Each structure stands twice: as C-alpha cells, then as structure tokens.
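Heads up: the structure comes next, in structure tokens.
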Amino acid sequence: MASVHELQLSTPDRALADRAAAAAIADVRRIEAKYSRFRKDSVTSAINRSAGRTSVAIDAETAALLRYADRCHEASGGCFDITSGVFRRAWDFKRDPPRVPPADELDALRPLIGWQRVEWSDHEVRLPDAGMELDFGGIGKEYACDRAASICRDQGVAHGLVNLGGDVRAIGGRADGSPWRIGIRHPAREDDAIATVAIHDGAVATSGDYERCFDFDGRRYCHLLDSRSGMPVSCWRSASVVAPIATLAGSYATIAMLLEREAAAFLVSMGVAFFLVAQDMTLSTGGGSDTGASFVVSDETA
Amino acid sequence: MAATDDRAFALIAAALALPGILPIAARAQSAPDEGVVALRYYDYRDWQPGADRMAVKSPYLYALVPLSESLVVEGSLVYDSVSGASPLFHDTLSGASGKGIGDYRKAGDLKVTKYVDDWSLSAGAAYSDEQDYISRAASLEWRTWSDDRNRTYAIGFGAAKDRINAVEGVNGPVLDQPRETYDYLLGITQVLNARAVVESTITYSEGRGYYSDPYKLLDARPNHRRIFAWLTRFNVRFPRPDATLQLSHRYLEDSFGDSSHMLEASWVQQVRQGFTLTPTLRYYTQSAARFYHDPPFPQGLVPGEPYTADERLSAFGAVTLGLRVAKEFPHRITVDVGADFYRQRGDLRIGGGSPGLAQFSARWIEFGLTRRF
C-alpha cells in the first residue's frame, strides 16, 4: 500500500482523536502486514507458497475476504479475479523504456488464472496449480479503510474522514453539519479536481488508468488488466463510485474499469451513483437517486 | 433483472459480513438507534341484528427508547373503557344472555432488550387490570442472527398468573379463581433476497385454572387448556409500483377442540406526497369446541361434563376489510387513520358453520400519531 493516506477527525477532545487515530492506524498496518504480497510472513505469501501443494488454514477474516472476492467475481461476470495478478510478471510499469509484452508471454501465464478453480471454504484455501497466486490488493485497501472508519466511530468520533490511497470513507458529516466535499482527481492533472461529490456518510472510491501506467506508441497501458486477455483495459480514464462502504465503492469502481463498455449498465444495476471519464475526456454520470449523491463537474473542465 | 438483483444483493451481503466493516452500533443489526413515541386511539363497536352491543374506546401510548448502543427499553400503556352488552348470538337463547357491561381495563407492559454481537436477550413484564380480572405476566426471548444477517432465530418463554374475581357472576360470585399459563415460542425469519422476507413462528401454550365464563348461565370449561399455533408471514416488495405485499397465515389448534385458520393479505402502497395506502383483507374460519352445543339451550348438557353455548367457541367464518392511510410529516412524524369492518356468520365458514348463529358485525376506527427521534 505505497500511497498517501490521511485521517481527518473532528472532535473537541484531542486525547480521543489521538486514541482513535492510533487504533485506526494500527489496524491498517495490521491488515497491510497480513495480506501484503511483499512480506514473507503474510497470509497471502503462505497461500501462494503452497500453490499446487497443500491447503492452508485460514481464519474468519480471510474467509470473509475470499467470500467477498467470490461475489465480486460473480457480479462482474468473471472480470474481477483475484488470481489474475500473475499477469504482473509480464508487465513492468516502471520499466524505462516501457515494453508491451508479446502475446506468447501472456499465453504462458493464462493457465495460472481462474478464481473458479480455487478451492476455498470457511477454514482453508488451496490454489490447485503451482505458480498460481492470490492478490488481495484489489480489496484489502478498501476493507482497511472501512475498518479504520469503524474503529474511529466506535472510539467515539462522530465526524471524520478516512482517505486510504484515494478510497474515502466518511464518519458522519463535518462537525457543523455540512457534508464532506470529496474531489475527484482529474485524470490528466494531478492537483486538480474534475468533479466534486458531497457525502455525509458512506464512501467514494476512484479507479483510474493513471495510477500505474505507461504510454507507448500513442496508446496508454494501465495496470488494470483484463483477467482473460492479460491486456490492459482502455475504455475509461477513471471511474468513481459512491456507496455505503469503501469496500463496495472500490470494487464497483474497479469492476467498472474492467467491464469497459458495459460499465454504466453494471453500475446502474448495482444502484450506485457513479462518474465516468472516457478516454476522450467525455464525462458521464448516473445512478444514486436513492442516496441523493451526485457528482458536480468542476468549472475548469471544458 | 432478477438475477442481477440477486448478485448485487449477494455482493452487498458479503461486504457487510466482513469483520469490523461497520461500527458496533450498526453491526447489531436490529438494535434500534432511534427512539419512537406513539399515541393511538381505538374506537371499537360491535352489533348484531336489531341491537348494538359493545363499544370500546382505548387510548394507547407506546414508547421505545434506546438507552445505549446495545440496550433498548420499550413500554406501552392502554386504557380500555368498555360499555354495552356482550354479544347475543343465538336467536333462541332464553334467560339472561349477558348483563350490561360497564368496565374498564388498564394494562401496561415493559420490555428491556440487550444486544450483544449477533444475539439479543429481552425480558418483559406485563400487567392488566379489569374490574373482575387481573393478569400478571413475564417473558424472556432470545434472538440470534446468522453471520450474513439473512436469518434470525428466536426462542421465547413466558409465564402468566391470572386471577378472576367475578363478584357479579350469573351463578353467584366467582371469587379469587386462579389461572396459570406457560408459553413457549420458536421462530425463524429468513431474508430470501433483496425484496422478500419470510417468517415462521410456532407457539405452544399450556394453562391450568379457571376458564369458564362467569357471566353465562351455564358454562363449564375444562380447567386445562393447550394451544398450538403456527404463524407464517411473507413480505415481498415491488419496487416498480413502490408497494409491498404482506401475506400471513395462522393455524391454531386448541385442546378445547376448536381449530382455526386465519389468512390475511395487505397491500402497502406508497403514493405521492408521502402518503401510504394499505388495504387489508382477512378471512378467518374456526371449528367448534368439542363441548360447544348448538341451540336450543341447554341441549346436550351432561352434568359433570364441560359445556358451553358461548358463540365464541362455535364454528363460524369471518371476513374483515380494512383500509389504512398514513402520511409522513417533517420532523419524522407520521399520522395514520384506519378503519376495519368485520362480519362473522356461521355460513361464512367453508364447509358450513354452527346452526342458529346470528350475524355478528364489528368496526374499528383508529388514529395514530408517531414521532421518531
């Protein structure tokens, strides 16, 4: 989770704010350590090391995350797949000069992907083939964001905001009763907001092609890879979603990017407010009639 | 579209089942975080051909107050003032069928519920006081939810001690007669999908004591009664017409020998400007108690054996038509007005009812004011 995180807590009690923040941050670190691909002692590494061999015992938290990933897989028609991280071996977004991997490299990796083949239950999980990997990156950060907000609320914070790498979860509105104003980052201009959405409670998450990407031969290649072809999706520059919790908002935004043309229909069927920016910078917004949340486009965008 | 709704629902349910995803207060799914105060007024009147019978007017007060994130107290108070004569059903009964009644009933109850993780425990007490009858009851109910919050189990136990003091009983005073009842309840509620919920509850009640009616010339009932009831409710929401269909069925079997079915259907329709319209249709059918005897009175009487000519234990059918209109106002105030019309006759029972029953009709009008905070 190498990104900028921010906790804003509004309370007259400074000691309470410090306690709540400390507890929330400790839990975020706990989840990061538990599910990080990069740490040898993480649950993810233990599961991936046993791929093709034995099953690994898991606790209730991991089982709940796997169940959630399974529902995301189903809701997205198979596009959202937490085993598709192996395609990363073919793509290097930091490489200079950038390189588009040849088709045979992607073909070699494809047999290692397939959430539907993973054997999982409430108590254990097994990856059937050696070389298969699970990656909680797509859901872990949003889950940590929601837990951080819950911890702050349980400690007694009534007004606050948790921003974990761009996934935002509100705790009540601002102290004066007005809503939090969440800016949606402009895909091309890092410090500008292309739109704003106001929320009292709930979450806003954005998935964009600009987070990890390179441009090559006039085409943008981003880190969101189609789980079947192994090639990046290219329909939207960014997708933002308002949902009651960050876990859902984040999944909806990611799935929208992966579904490409079908994103709007999917988001409407899920009943959430959304904001999509196309490659040609056309804006589309919809949904959210239940919650009243709506995206207001910034004046500078023309 | 239905398949998509199911997937959306499954996704949301899985997200909500992630540990710690919601603050503790929200996690105890049914712990109310808002209070309610409601004032209601009921006006009941019944009549039979040629005669008005009973009228009851009852103001009723109810409050629910969350004391903390996990503790809720609720209570109600009701005062019934009853006037008129009790129902005359038989065309041919001679003698006093029931004296005029001028009565009152005061009743109150209190319930405290504690919510812990995925279960809750409620303890309740109730008291009812009429001129000739006092009832005291206590109850305990334990509820628990499945991890995904789609299923709720309920187990309940209750006990009641009643005392009948009919100083003006038709056959002489009936003094200080006790009655003890124990009830058991088992229930399951299951959320079927994003739009439908089904609930099924079984109750068993066993009582010993005085059951006869002291105001009937000849009425001797067993002093042991067992009742088994099975209630099933099904609610389904239709988003396009913005309405909910509520269906319920209750089967009841009484050791007195009568058994009954009640079928009810309501359509809760949201209309513009915050109004809700709810028409209701209810059909009730009951078989006669084994010691109920048709007129002429006292046909069938065997000294020493139970006997009743009380029409409430005869075989009959009944239809109720009701309509309720509710409107929401600012500050979370709801006002509602409703009327129900009831008609009971022997021949409304499928398969035929007891002979010689006069038609019995009743109507309720109710007003309610509810404030949430």
Qualifying residues in region A:32-61 (those that are basic (Lys, Arg) and away from every other protein chain (no Cβ under 13 Å)) - the one surrounded by the most Cβ atoms within 10 Å (Cβ to Cβ): A:ARG37
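For residues in region B:22-68 being among the charged types (D, E, K, R) and within 30 Å of B:ILE12 (Cβ to Cβ), which is modelled with the highest pLDDT? Break it down into steps so the answer makes sense when it comes.
Here is the first cut: in region B:22-68, the ones among the charged types (D, E, K, R) are B:27, B:33-34, B:40, B:43, B:45-46, B:52-53, B:57.
Right, trim to within 30 Å of B:ILE12 (Cβ to Cβ) and you get B:27, B:33-34.
On the way: B:ARG27: 46, B:ASP33: 67, B:GLU34: 76.
It comes out as B:GLU34.
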Are there any pairs with C-beta distances below 6 angstrom linking a residue in region B:1-12 that is within 7 Å of chain A (Cβ to nearest Cβ) to a residue that is surrounded by fewer than 18 Cβ atoms within 10 Å (Cβ to Cβ) and modelled with pLDDT of 65 or more, with the two at least 6 apart or on different chains, and if so which? B:THR4/A:SER269; B:ARG7/A:GLU74
Do you know which residues across region B:333-373 are in contact with a strand residue (DSSP E or B) (Cβ under 6 Å, 6 or more places away or on another chain) and of a type in the set (Ser, Thr, Tyr)? B:THR334, B:TYR342, B:SER361, B:THR370
Evaluate region A:10-29: report whether one residue or more is more than 14 Å from chain B (Cβ to nearest Cβ), free of Cβ contacts under 8 Å to residues at least 40 places away in the same chain and buried (at least 16 other Cβ atoms within 10 Å of the Cβ). no
Selection within region B:178-201 - of a type outside the set (Phe, Trp, Tyr) and either over 21 Å from the mean Cα position of the chain (by Cα) or loosely packed, with under 15 Cβ neighbours inside 10 Å (or both): B:PRO178, B:GLU180, B:LEU186, B:ILE188, B:GLN190, B:VAL191, B:LEU192, B:ASN193, B:ALA194, B:ARG195, B:ALA196
Quick one: A:ALA193 ticks every box in (1) surrounded by 15 or more Cβ atoms within 10 Å (Cβ to Cβ); (2) within 12 Å of chain B (Cβ to nearest Cβ); (3) among the aliphatic types (A, V, I, L, M) except a single one, so which number is it? (2)
Can you go through B:ASP129, B:ASP103, B:ASP91, B:ASP109 and tell me which one is modelled with pLDDT of 80 or more and surrounded by fewer than 17 Cβ atoms within 10 Å (Cβ to Cβ)? B:ASP129
Take the residues in region A:116-139 that are at pLDDT 90 or above, surrounded by fewer than 21 Cβ atoms within 10 Å (Cβ to Cβ) and in a helix (DSSP H, G or I); name whichever of them is farthest from the other protein chains (Cβ to nearest Cβ). A:ARG117
Residue count, region A:197-243, condition closer than 18 Å to A:ALA103 by Cα, in a strand (DSSP E or B) and charged (D, E, K, R), comes to 2
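So that you can scan it fast, the table gives a plain yes or no per residue for (1) among the polar types (S, T, N, Q); (2) under 20 Å from B:ALA51 (Cβ atoms); (3) crowded, with 17+ Cβ neighbours inside 10 Å:
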residue	(1), (2), (3)
B:VAL335	no, no, no
B:ALA339	no, no, no
B:ARG343	no, yes, no
B:GLN359	yes, yes, no
B:TRP364	no, yes, yes
B:GLY368	no, no, yes
Could you grab me the full set of residues in region B:153-174 that are assigned to a strand (DSSP E or B) and either loosely packed, with under 13 Cβ neighbours inside 10 Å or of a type in the set (S, T, N, Q) (or both)? B:ASN165
Among strands (runs of 3 or more DSSP E) entirely inside region B:265-373, those with 3 or more residues being out of contact with any Asp or Glu (no Cβ under 8 Å at 6 or more places or on another chain) and at pLDDT 90 or above are B:275-286, B:316-329, B:333-345
The correct count of residues that are exposed (fewer than 15 other Cβ atoms within 10 Å of the Cβ) and either in a strand (DSSP E or B) or modelled with pLDDT of 85 or more (or both) in region A:287-302 is 1
Any residue in region B:157-169 that's over 12 Å from B:ASP129 (Cβ atoms): show its pairings with residues that are exposed (fewer than 13 other Cβ atoms within 10 Å of the Cβ) and acidic (Asp, Glu) at Cβ separation under 6 Å, as long as the two are six or more apart or on different chains. B:LYS161/B:GLU180
Looking across region B:141-152 at residues that are of a type outside the set (Phe, Trp, Tyr) and exposed (fewer than 14 other Cβ atoms within 10 Å of the Cβ), the single one that is nearest to the chain's Cα centre (by Cα) is B:ARG151
Looking at (1) without any contact (Cβ under 8 Å) to a residue 60 or more places away in the chain; (2) surrounded by fewer than 21 Cβ atoms within 10 Å (Cβ to Cβ); (3) in contact with a strand residue (DSSP E or B) (Cβ under 9 Å, 6 or more places away or on another chain), find the lone condition where A:ALA175 falls short. (1)
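Within region A:269-286, can you find the residues that are facing chain B (nearest Cβ under 10 Å) and not in a loop (DSSP other than H, G, I, E, B)? Working first, answer last.
Step one: list which residues in region A:269-286 are facing chain B (nearest Cβ under 10 Å), which gives A:269-272.
Residues satisfying the conditions are A:SER269, A:MET270.
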Look through A:ALA64, A:ALA90, A:ALA75 and report the one residue that is of a type in the set (A, V, I, L, M), touching a residue at least 60 places away in the same chain (Cβ under 8 Å) and within 14 Å of chain B (Cβ to nearest Cβ). A:ALA75
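The values are calculated or read from the model by the stated rules, or taken from the named source; none is laboratory data. Since the structure is predicted, the reported quantities are computational estimates derived from the model, not experimental observations. Don't worry about glycine lacking a Cβ; one is built from the backbone with ideal geometry, like all the others, and counts go over all protein chains shown.
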